[in-house]
Amino acid sequence: MAKKKSLYGVHPGVYMVQKWVAELKVKTGRSLDEWIAHVKNKGPATEKERRDWLKAEHGLGTNSAWWIAERAEAKALRTRSRRVSASRRAVRRGHVRRFQDWAAADLRSIVEPWPRPRQGCQSCPCQTIVPLYRKHVFAQIKPTTRTRIDLGFALGDTKVAGRLIDTGCFARKTASTHRIPISRLEDIDSEVERWLRVLSA
């Protein structure tokens with residue numbers, strides 16, 4: 001039986017680290033394994049000292065020095081992959097799971113061909129939300145109750161109108177300033193469609 005393709009993609013943070021590992025040899029002259037061996041043989045004793053040494057002696061950037069020092073301590077690379085895995089499990093708990101999957105697919109289908117089909121819409125579970133993004137996040141799905149999700153938007157100081165609800169986040173200077181509750185697929189109406197297309201353009 002063919003494996004079913006996942007609705008959700010890999011978090012951009014994971015791609016970033018994969019790209020870094022692939023390009024490390026070309027950019028620095030050493031692969032990740034070679035850097036780890038070098039740190040263990042020639043570097044200082046503690047992780048913090050190793051980070052500082054990699055930056056000062058070898059000119060590595062902060063992220064590269066941090067990741068190499070972590071791996072030299074046999075730690076996983078500092079990515080969001082573990083949190084993504086945990087959030088995938090969390091997304092699948094409770095009655096909201098299947099509805100959220102349907103909603104994510106439906107919301108993506110609205111913006112996928114509009115207006116930049118070459119920059120397809122992606123979705124990836126995080127700890128508490130499922131962001132929808134192209135280059136940047138333009139909306140987020142948040143499981144709120146066992147029977148409802150909230151579709152969040154970053155609309156700044158936009159006045160509440162129609163189905164929009166003020167989250168209070170603009171005053172707190174956090175991202176999702178407005179939300180639209182969705183309890184059934186029919187709630188993904190023309191108003192939701194309009195905001196998705198405006199923000200994803």
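No value in this document is a laboratory result; all are computed from the given coordinates. Everything numeric in this text was worked out from a predicted model, so none of it was measured. Quick reminder, even Gly has a Cβ in these numbers, built from the backbone with ideal geometry, and neighbours come from all protein chains shown.
Estimated from the Cβ-Cβ distance and a Förster radius of 25 angstrom, the FRET efficiency linking T158 and R184 is about 0.50. A simple spin-label model places pseudo-atoms 7 Å from Cα toward Cβ; at E34 and E73 they are separated by 2.6 nm. Quick one: Debye curve from the alpha-carbon atoms of the range 12-72 only, equal weights, vacuum; give me log10 I(q)/I(0) at q = 0.26 Å⁻¹ to two decimals. Values, matching the q order: -1.13. On full extension, the segment bounded by D166 and A45 gains 38.4 nm, given 0.36 nm per residue less the C-alpha separation. Counted by Cβ distance under 15 Å from E23, the other residues give a net charge of +2, where Lys and Arg count +1 and Asp and Glu count -1. Using the Cβ-Cβ distance between R194 and T144 with R0 set to 30 Å, the FRET efficiency from 1/(1 + (r/R0)^6) comes to roughly 0.85. In plain terms, the residue of T147, T28 with the fewest other Cβ atoms within 10 Å comes first and the most crowded comes last, giving T147, T28. Ordered by the count of other Cβ atoms within 10 Å of each Cβ, fewest first, H178, H38 give H38, H178.
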